Every structure is written in C-alpha cells, then in structure tokens.
Amino acid sequence: MNESCDTVASAVSEKGWRFQRSGPSLPEVYRSVKIPKVGRNWWGLFRKLLAFSGPGYLIAVGYMDPGNWATDLAGGSQFNYTLLSVVVISSLMAIFLQHLALKLGVATGRDLAQACRDHFHPAINFILWIGCEIAIAACDLAEVIGSAIALNLLFGLPLIWGVCLTACDVLAVLYLQHRGFRIIEVLVLALIGVIAVSFGIQIFLSKPDFGAIALGCVPSSEILHNHAMFYVAIGILGATVMPHNLYLHSAIAQTRHYEFTPKGKREAILFGTIDSTVALFFALFINAAILIVAAATFYRSGHHEVAEIQDAYKLLSPLLGVGAASTLFAVALLASGQNSTLTGTLAGQIVMEGFLRLRLPPVLRRLITRLIAIIPAVIVTALLGENGTAQLLILSQVILSMQLSFAVIPLVMFTSDKAKMGEFVNPGWMKIGGWFLAIVIAVLNAYLLWQNFSGSAPQ
C-alpha cells in the first residue's frame, strides 16, 4: 500500500457510525493506482479520466455474464422484442445504483459490507451476509456453468470437466492482482471488446427490424399480466442489477490514490461516475444485442423455445447462413464467463472481509469463495448434464433479484444519511429516486413470489 492504514483512517470521518472502520477494502490493492497531478486543460482532464477509468468495466462485466445470456435468449426467442424495455430500464437503474455505491466508498472510506457491519446489529449483519453469499453463489453458478458450456461447444470438453477447470480462475486472480490492479482492468476491457465485436457482427448478420426494436424499448403492460414473461423479466432485472456488484464497486473505487480532501473526493466521484456510466452503456448494448439477435434469428424463424445456450449455438449458423456465427457466439460466451468469474472472486473477498472481518491468506480466501460456487455447480452439472442448464441459469438470476433489496436498501439508507456522508449526502431528488427504486424492486419480487406460491399466476 502507498500509505499506512492509520494515516488513511485519520482522514476518514467516523461520524454517524456505530463502530470505527477496521481497515481498508482489498488491502493488497488499496490506493495502488496513482492519479496524475495535471492542469485543468482538456489533455490533463483526459489523462485524469483515464487514471480513474477501469473499475466501471469490472462492474460492467457482471451485467453481461452467462446469466444475462440465458435470460436475454429466453426473452428474445419467446417474446420477440417486448422485453427490451426491461433491459433498458434495468440498465438505467444499475447506473443510478452503482453511482451510489461509488459515492459510499469514496465519501466514507468503507465498502458496503463494512458500512453494514459498522451500522447494524450483528444479528442483522449475519442475515445480510448469508443473503449476499447466496447471491454470489447464484451468480458464480451461472458464470461457472456458462464457461463450461463455452468450453464444451468450442473444444468438446465435458461439462463436468469444464466446471472443475474454472477453479484455475483462483490462481489467475492471485497472479494478476500481484502484478497490479491495472492488469486485471486491461484484461477485462479486452474481453469486453471480444464480446462487443462478436455481437456487433451478429446483429449485422441477423438483420433485425429496427422499428420493432424501437417499439420494444417502450414498456408494455403485458409483461405484468403474462406470468412466463414476468418471470423472465424478473430474471433480466436480477441479471442486470446485481447485488454483489454494489459491494464490489464501493470497494474497488478505493483502489485509486485520490486526495482525502473534499475536493479530491468530489473529483473521484465525478470521474468514477463517468467511468461506470460509459461502461454500463457498453453492457446495455451487449445485453440488448443478445436479446435482439435471439428475436431476429429465433423468434422470427418460429424457434420460440430456444432457451438452452447449446441450442442457440447449433441454430445460429444454419439460420444466419454464416458458418462462423456459432463460433463467434461461443467465443463471446467464454469471454463473458471468464470475465465474470474474475470479478465474482473479488466480490466474495470483499463480502467475507467486510461482514466478518475475516483476514485469511489470499490463496485460502480465494479458494473458499470459489468453492462456494464450484461445489454446487459440480453437483448440479453431474445431476442434470446438458439438460436443464437454461432453467438453472434463469433461476440463478431470479435468486439474484430476490437478494437485491438486501443490498439496495442499506445502500440508499447510508448514502441518504448526512451524519455518515457529510457534504456528499444524496440530494432530495436522489433520496426519492433511491427509495422509489428500492420499493419497486421489493414489490416486483414480492409479486413474483405471490404468483408462484398462491397458484394464481396469470397465464
């Protein structure tokens, strides 16, 4: 680290917190990325923006993981472009909530897990920790299975072997993190580029109806009345606004060596918000592209039940008439899965250290967080094989959505508290917007549960 924890702690306000901050987030990379001191000309501001850029793209990969693929493929193939509105609205919600997470990390010097621990009663923290671990396990389950499917499609590797092979991500994260946090960010950005190029080509090949796309961006009441459509829509919400990303962003925002002054924090929040907003618009493009390709290729040709990623792979080349289409699809899937496992491992570390203050050797800590996902994935893959992976992926995203309120409500609560945030507290319109989103997410999830368990789901 570039400075002692004691020095940094003295610059972090402890007003409004029940307990003092115990230490920095991700201590091995805390404040490790230098911010250049430059003039206020355009070139200087651009250099500073580049220095702050990176965390947003690590966040964005969580919004384009294999779980998103499953929900977007199901939405496009079954319901044409109707659920595009859910993709757009969910992405705008994500941009707003990630801004709050960034602001919490910069203004308080705490990630969201640490903030919960320093505010709530231990019993509440235990419940929040369990919920977050379930969310991370559900997310990792999607990423592990997605990577295994990609390896199977590209190289014929059995799914169970592919799942076990993803354990090597632990070693990759350790190696890259010791080489510097910038290396991880560059790798992630490169993999995002692979995904974007692959789907850009496939949109061109599928020749979608752009008028129907524009109409699909307008919300439809049919989404609430059609139970199957609503279930997939909730899956898209859970896949897009991911709870563990809020913990992750509040931590990795602190990898930048900004000044611990009001001016320095304002600058970090401004440039960090630009970074995450641009990155999440990339994620919006990719999620929309998956749904558009599914609608233009599968729905239009009458293949309305294409939900399995393997089926999409087999049908793309024949339907588009281009042999490389399926390969591009599988390569993008592999890039997506590998990208997401990198950030999922970091999120697991943040949650474990933040809630439990559990300091473990890096290798052991990584192994624990990966095994939480690998073991269920191995069991499920051994039982189901290739059948039912789409339903499992969509279910994992619905579980994520169910856990979202347990991250969003504390986040909005903390960032709306002037005693904790000082001059960086949410303004009135942002408080209203934050609580409105928290209520909407909770109501939608409650509505889905009522539909499923009351037996009154509309058909």
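The values are calculated or read from the model by the stated rules, or taken from the named source; none is laboratory data. Computed from a predicted model, the values in this text were never measured in an experiment. Please note: Cβ atoms are built from the backbone with ideal geometry, for glycine as well, and neighbour counts cover all protein chains shown. All accessible areas refer to the heavy atoms of the entire protein, side chains included, with ligands and DNA or RNA removed. Shrake-Rupley method; radii C 1.70, N 1.55, O 1.52, S 1.80 Å.
Given the criterion in contact with a His (Cβ under 6 Å, 6 or more places away or on another chain) and open to solvent by 10 Å² or more (accessible area, probe 1.4 Å), identify the matching residue among Lys34, Lys48. Checking each option against the conditions leaves just Lys34.
Is region 287-298 home to any residue that is more than 17 Å from the chain's Cα centre (by Cα) and open to solvent by 10 Å² or more (accessible area, probe 1.4 Å)? There is at least one residue in region 287-298 that is more than 17 Å from the chain's Cα centre (by Cα) and open to solvent by 10 Å² or more (accessible area, probe 1.4 Å). Of all residues in region 254-283, those that are assigned to a helix (DSSP H, G or I), open to solvent by 10 Å² or more (accessible area, probe 1.4 Å) and modelled with pLDDT of 90 or more total 13.
Residue by residue, here is whether (1) assigned to a helix (DSSP H, G or I); (2) at negative phi holds:
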| residue | (1), (2) |
| --- | --- |
| Gly16 | no, no |
| Arg21 | no, yes |
| Ser25 | no, yes |
| Val29 | no, yes |
| Arg40 | no, yes |
| Ala51 | yes, yes |
| Thr82 | no, yes |
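Against the definition (open to solvent by 20 Å² or more (accessible area, probe 1.4 Å) and part of a helix (DSSP H, G or I)), how does Ala123 come out, yes or no? Taking the combined requirement at face value, the residue satisfies it.
Filtering region 212-247 to residues that are open to solvent by less than 50 Å² (accessible area, probe 1.4 Å), modelled with pLDDT of 85 or more and either over 22 Å from Leu97 (Cβ atoms) or under 13 Å from the mean Cα position of the chain (by Cα) (or both) leaves Ala212, Ile213, Gly216, Ser220, Asn226, Met229, Asn245, Leu246, Tyr247. Kindly indicate whether any position in region 188-200 is in a helix (DSSP H, G or I), farther than 27 Å from Ile252 by Cβ and either at pLDDT 80 or above or within 20 Å of the chain's Cα centre (by Cα) (or both). Checked against the condition, which is being in a helix (DSSP H, G or I), farther than 27 Å from Ile252 by Cβ and either at pLDDT 80 or above or within 20 Å of the chain's Cα centre (by Cα) (or both), region 188-200 yields at least one hit.
For region 72-106, filtering for residues that are closer than 24 Å to Gly422 by Cα, open to solvent by 10 Å² or more (accessible area, probe 1.4 Å) and among the aliphatic types (A, V, I, L, M) leaves 1. Checked against (1) hydrophobic (A, V, I, L, M, F, W, C); (2) under 29 Å from the mean Cα position of the chain (by Cα); (3) modelled with pLDDT under 80, Ala51 meets all criteria but (3). Within region 348-358, being out of contact with any Ser or Thr (no Cβ under 8 Å at 6 or more places or on another chain) and either assigned to a helix (DSSP H, G or I) or at pLDDT below 70 (or both) holds for Val351, Phe355, Leu356.
Output yes when any residue across region 310-333 is in a helix (DSSP H, G or I), among the charged types (D, E, K, R) and open to solvent by less than 10 Å² (accessible area, probe 1.4 Å), and no when none is. Within region 310-333, not a single residue is in a helix (DSSP H, G or I), among the charged types (D, E, K, R) and open to solvent by less than 10 Å² (accessible area, probe 1.4 Å). Could you say whether any residue in region 3-18 is modelled with pLDDT of 80 or more, under 28 Å from Val188 (Cα atoms) and surrounded by fewer than 19 Cβ atoms within 10 Å (Cβ to Cβ)? Within region 3-18 (the criterion being modelled with pLDDT of 80 or more, under 28 Å from Val188 (Cα atoms) and surrounded by fewer than 19 Cβ atoms within 10 Å (Cβ to Cβ)), the answer is no, since none of the residues qualifies. Taking the numbered list (1) surrounded by fewer than 19 Cβ atoms within 10 Å (Cβ to Cβ); (2) touching a Gly at 6+ places or on another chain (Cβ under 7 Å) in turn, Trp69 passes all entries but (1). Among the residues of region 420-443, the ones that are assigned to a helix (DSSP H, G or I) and open to solvent by 50 Å² or more (accessible area, probe 1.4 Å) come to 8 in all.
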